[in-house]
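First up is the structure itself, then whatever we jot down about it.
The values are calculated or read from the model by the stated rules, or taken from the named source; none is laboratory data. Source: prediction; values computed, not measured. Here the Cβ positions follow ideal geometry from the backbone for every residue, glycine too, while neighbour counts run over all protein chains shown.
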Amino acid sequence: MNTATVAQDAHADHHGAHHPSGIMRWLTTTNHKDIGTMYLTFSLIMFFVGGIMILAVRAELFQPGLQFMQPEFFNQLIGVHALVMIFAALMPAATGFANWQIPLMIGAPDMALPRLNNWGFWLLPPAAILLTLPFTLALFGIGDGAIATGWTFYAPLSIQGGIGVDFAIFSVHILGISSIMGSINIIVTIFNMRAPGMTMMKLPLFCWGWLITAFLLVITLPVLAGAVTMLLMDRHFGTHFFIAAGGGDPILFQHLFWFFGHPEVYILLLPVWGLMPHVMSTFTRKPNYGYKAQVYSFIAIGVLSLVVWAHHFFTAGMPVPALLYFMYSTMSISLPLAVLFFCWIATMWRGAMTFETPMLFALGFIVLFGIAGLTGLVLADVAADAQYHHSYFVVAHFHYALFTGGIMGVMTGVYYWLPKWTGRMYSEKLGKLHFWLTVISFNLTFMPQFFLGLAGMPRRIPDYALQFAEFNAISTVGAFILGFSQLIFAYNVWQCCRGKGEQVPARVWEGAEGLEWELSSPPPHHSWEVQPEVK
Amino acid sequence: MTQREPSRHAHSGRRMMPLGLQGGRFGRGTLLAALLAPFLALCPLPLLAAYSWNFPEPATPLARDTLHMHNQFMIIITVLFVVVFAIMIYSMVKHRKSLGVEPAKFSGPTGKLQWFWVLVPFAILLFIDFILMGIPAFHAVIDMEDTQTKADMVLRVTGMQWKWQYEYPDSGIKYISTSTTPKEQVNNQAEKGEHYLLEVDNPVVLPVGKKVRVLITSTDVIHTWWVPQFGVKRDAIPGFLREVWVKIEKPGIYRGQCAELCGKDHGFMPVVVQGVTEPEYAAWVEKKKAEQSSASAGVDKAWTKAELIAKGKEVYMTNCAACHQPDGKGLPPTFPALAGSKVVNTPLLSADGKVVKDSHVDRVLNGKAGTAMQAFKTTLSDVDLAAVITFERNSFGNTQGDLIQPALIKALR
């Protein structure tokens, strides 16, 4: 194998010079690093698009009464905000990480299916355009705007809706195809392209997290695609899957949607949970605690996530045995999750910690995600859920899960790996400022929403009774600080990408372990052409 | 009729207890709120009085149990939170590189004692999940779902865009309840009233101390009937009957609203329930019955056009104006205009006196599938239907000039 190394390296350098340049480079690229960069850039742009939408919503909710928009437009904004954030910001960010990191971490030269990889990315921009186009069309008097049913597409409201629903259905189809292709690619890569000696039980935890996510996507996305296709048939082709008057069942849609929707939460979270142990271990300078326990917990969470979906609609009513089953199965997710928390905190125990920005975000993630997990435990309780459900309590809960678990997790990853990708160190000062502003304003935004929910404010209302005014005003102030703080992040990333900042060595962080830190920073365009041996 | 308002509104001034320390047996409030106390202590007290930190005061046994359970659970999760993160924060303070700590090398439990300490937290969590929280939760579910044992009466609730219909099968009373908050208040052209967005024309009236079985359904999309003080929330699903039960403990007015996104006016679909004593309830039933029989007496009378138009305008404003707008211009393309509408300006009936498909009468009676236009024959009376059809044909610049009698509507049904 060693004899081949020199020849291949020379070939790689030579090969690198023949890339098309300009836009064609990005359109035709099959390189996992280029594609990863495109995914992450797309995600960042859509993060701001979704963010602007919700700031408009929060501005409307600053005071009781209708100030800036009519309820129809409000309903469009909340639904598209969620679809954009979930499908176009969080999922592509995780896929971007996978593209950049999995080959580097398992010692593979690229992803297993590079052309599929390229196609998977280039399906995203058209899907995002489809999703948001109805806003623009409405300005020209075509249709009545984007989907106004919330991101859940609940029938029969979605059967009633305008062309925005059709656009959203096709957009979800395309996003689904893209995600399934990405997932198949990741599964194939992890199973077949690991460096010699890297057994499954030596696989980095980030890859394990993604592997479970990929399986969940392949299992559940076709169900979503089927559900929205049935919806499309009901809308235009005279079927009655969800129309009660024709013998259909509106609750069937909820079952189908949440069979996808609940695992989706873990689809968004597992890559981040996989990333946490790496960051913990690096900044505590100590080996991960309970590697196997974490792997088994990922698998357990993945399996459990497929069998608890109905807790998303306890209030729709179901037989008592079903209520009890979904209540207890949901509660049982707390056990593998507790294993993860235990392992992360045990990793910190008696380490030698430093608190660079990625570590700060990781710690912020653990604490705030803890709140999401614990409120999730009480939400599982059917009788109490009757009060929490459809209220701002739930809104606060899932933002604690998906903003801190998802977005702050992604930011942890960006700060952790960006120096590796660009060869430049980001500004630590701005990173810390970004962290503190984010954490404080996040809590300012969402902590009051728990109390709003308890007091009885339903979600998705454009206007509210007077007793909810004070908390809403606080929440809006928090949201604007939170939104604008993210510009610091964008600036920091941009500075790194354009080569500002200190140059970093191969092992960017003192305590970092793993194959990716053996490569130079930034890694060569073609890396691991000869696979390393893992002992 | 005595109308006492159990204070849902902390800012009404009667309940000035901050930090969720509300009175009653379960006045512990949430520890979550207590955690915030140091920050809030910096605020002046009158400011705090405007905030509500927990469920509103329960008005039914179910809501009382739910609040009790919620408080217990909040204490449990707060203790878990504090213990777990105290350990983490201790570690963050003590185990830093800057203190010259040499990192340990362990990567899992070693030895029997460590395994014991690793497994203890999970035993505790199992206990919390399935015993400490699991058992009360089990009983609460059984209690919540037992709608039929010793039920005294039935209330039927039907959600429709964007109002509620209430029906008392025992006494044959049936009416629609819509929001009365004026548009000017919503659009900030008038000062908002005390019960802004939580006020209706015809509240549900229920006797206190009686177990009411509430059957819930919908005619169009999914709605959710929710009164926070009752501890019940259940989706209204077209084609399905769902049920909850309510036993109001003391007279008063209880306010809630629709909780499932149901289209444009989802936020303007309040639920108001008035709990009254039994004699008051009996009197109300008699009064309502008399009203209804006088209304149905009008069916067989020959109405003049002017009478129908005057009545029709009222019906239009309550039932149609939300979508088609008070000026009949609608909100195209979702909600079409009635002014100059092709549908409105069709001949009233066919030559042999039948309803023509897709004509004005057909649309009002039977609705249009797949849109928010519902079949009004299920919710409006013969008089209301005749009046609103006549009104629409002779308003907003429509000049059909004809009218339809309630008796004919009755025959056409």
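Remarks
- The set of residues in region B:159-209 being closer than 14 Å to residue B:272 by Cβ, within 12 Å of another protein chain (Cβ to nearest Cβ) and surrounded by 17 or more Cβ atoms within 10 Å (Cβ to Cβ) consists of B:179, B:181, B:195, B:196, B:197, B:198, B:199.
- Residue match in region A:379-386 (condition: crowded, with 24+ Cβ neighbours inside 10 Å, within 10 Å of chain B (Cβ to nearest Cβ) and in a loop (DSSP other than H, G, I, E, B)): yes
- The test for being without any contact (Cβ under 8 Å) to a residue 24 or more places away in the chain and not polar (S, T, N, Q) holds for residue B:196.
- Residue A:235 falls short on exactly one of the conditions (1) touching a residue at least 60 places away in the same chain (Cβ under 8 Å); (2) under 22 Å from residue A:102 (Cα atoms); (3) within 14 Å of chain B (Cβ to nearest Cβ), and that condition is (2).
- Count of region B:90-143 residues, restricted to those that are within 30 Å of residue A:356 (Cβ to Cβ), among the hydrophobic types (A, V, I, L, M, F, W, C) and surrounded by 13 or more Cβ atoms within 10 Å (Cβ to Cβ), is 5.
- Residue within region A:314-323 that is part of a helix (DSSP H, G or I), touching a Leu at 6+ places or on another chain (Cβ under 8 Å) and more than 10 Å from chain B (Cβ to nearest Cβ) present: no
- Selection count where residues are of a type in the set (Gly, Ala, Ser) and closer than 22 Å to residue B:373 by Cβ, scope region A:151-190: 5
- From the options B:248, B:237, residue that is at pLDDT 95 or above, in contact with a Leu (Cβ under 9 Å, 6 or more places away or on another chain) and of a type in the set (A, V, I, L, M): B:248
- Selection within region B:316-336 - in contact with a Lys or Arg (Cβ under 9 Å, 6 or more places away or on another chain) and away from every other protein chain (no Cβ under 14 Å): B:318, B:319, B:326
- Selection status of residue B:66, closer than 30 Å to residue A:472 by Cβ and either facing chain A (nearest Cβ under 10 Å) or of a type in the set (A, V, I, L, M) (or both): yes
- So residue B:147, is it in a loop (DSSP other than H, G, I, E, B), surrounded by 16 or more Cβ atoms within 10 Å (Cβ to Cβ) and more than 8 Å from chain A (Cβ to nearest Cβ): yes
- Of all residues in region A:476-487, one or more are within 14 Å of chain B (Cβ to nearest Cβ) and either among the aromatic types (Phe, Trp, Tyr) or assigned to a helix (DSSP H, G or I) (or both).
Every residue, every condition in (1) of a type in the set (Gly, Ala, Ser); (2) crowded, with 24+ Cβ neighbours inside 10 Å; (3) more than 14 Å from chain B (Cβ to nearest Cβ), yes or no:
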site	(1), (2), (3)
A:370	yes, no, no
A:377	no, no, no
A:395	no, no, no
A:401	yes, no, yes
A:411	no, yes, yes
A:419	no, no, yes
A:423	yes, no, yes
A:438	no, yes, yes
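- Which listed residue is under 16 Å from residue A:57 (Cβ atoms) and surrounded by fewer than 19 Cβ atoms within 10 Å (Cβ to Cβ), from A:446, A:468, A:480: A:480
Yes or no, residue by residue, for (1) closer than 14 Å to residue B:298 by Cα; (2) buried (at least 20 other Cβ atoms within 10 Å of the Cβ); (3) in contact (Cβ under 8 Å) with a residue 24 or more places away in the chain:
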residue: B:362; (1), (2), (3): no, no, no
residue: B:367; (1), (2), (3): no, no, no
residue: B:370; (1), (2), (3): no, no, no
residue: B:385; (1), (2), (3): yes, yes, yes
residue: B:393; (1), (2), (3): no, yes, yes
residue: B:398; (1), (2), (3): no, no, yes
residue: B:401; (1), (2), (3): no, no, no
residue: B:404; (1), (2), (3): yes, yes, yes
residue: B:410; (1), (2), (3): yes, no, yes
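- Residue among A:180, A:169 that alone is at pLDDT 90 or above, touching a Lys or Arg at 6+ places or on another chain (Cβ under 9 Å) and more than 13 Å from chain B (Cβ to nearest Cβ): A:169
- Among (1) away from chain A (no Cβ under 14 Å); (2) of a type outside the set (Ser, Thr, Tyr); (3) surrounded by fewer than 20 Cβ atoms within 10 Å (Cβ to Cβ) - the single one residue B:389 does not satisfy: (3)
- Qualifying residue in region A:53-74 (condition: more than 14 Å from every other protein chain (Cβ to nearest Cβ), free of Cβ contacts under 8 Å to residues at least 40 places away in the same chain and not in a loop (DSSP other than H, G, I, E, B)): yes
- Positions within region A:187-222 being crowded, with 18+ Cβ neighbours inside 10 Å and more than 19 Å from the chain's Cα centre (by Cα), in sequence order: A:189, A:190, A:193, A:194, A:198, A:203, A:204
- Condition met for residue B:329 (within 35 Å of the chain's Cα centre (by Cα) and in a loop (DSSP other than H, G, I, E, B)): yes
- Taken over region B:352-374, the residue count meeting the criterion of being of a type outside the set (Lys, Arg) and within 21 Å of residue B:222 (Cβ to Cβ) is 7.
- Scope region A:114-147; condition within 13 Å of residue A:181 (Cβ to Cβ) and hydrophobic (A, V, I, L, M, F, W, C); matching residues: A:116, A:119, A:121, A:122, A:123, A:124, A:127
- Helices (runs of 4 or more DSSP H) contained entirely in region A:85-169, each with at least 3 residues that are touching a residue at least 40 places away in the same chain (Cβ under 8 Å) and under 30 Å from residue A:514 (Cβ atoms): A:91-106, A:114-122
- Qualifying residue in region A:250-259 (condition: free of Cβ contacts under 8 Å to residues at least 60 places away in the same chain, within 14 Å of chain B (Cβ to nearest Cβ), surrounded by fewer than 20 Cβ atoms within 10 Å (Cβ to Cβ) and farther than 30 Å from residue A:350 by Cα): yes
- Residue within region B:262-281 that is under 26 Å from the mean Cα position of the chain (by Cα), of a type in the set (Gly, Ala, Ser) and assigned to a helix (DSSP H, G or I) present: yes
- Scanning region A:284-313 for residues that are at the interface with chain B (Cβ under 9 Å from one of its Cβ atoms), in a helix (DSSP H, G or I) and of a type outside the set (Val, Ile, Thr) gives A:291, A:292, A:293, A:313.
- Selection over region A:463-472 of residues that are within 11 Å of another protein chain (Cβ to nearest Cβ) and either more than 21 Å from residue B:256 (Cα to Cα) or not hydrophobic (A, V, I, L, M, F, W, C) (or both) gives a count of 4.
- Test: residue in region A:35-44 that is more than 14 Å from chain B (Cβ to nearest Cβ) and closer than 25 Å to residue B:197 by Cβ: no
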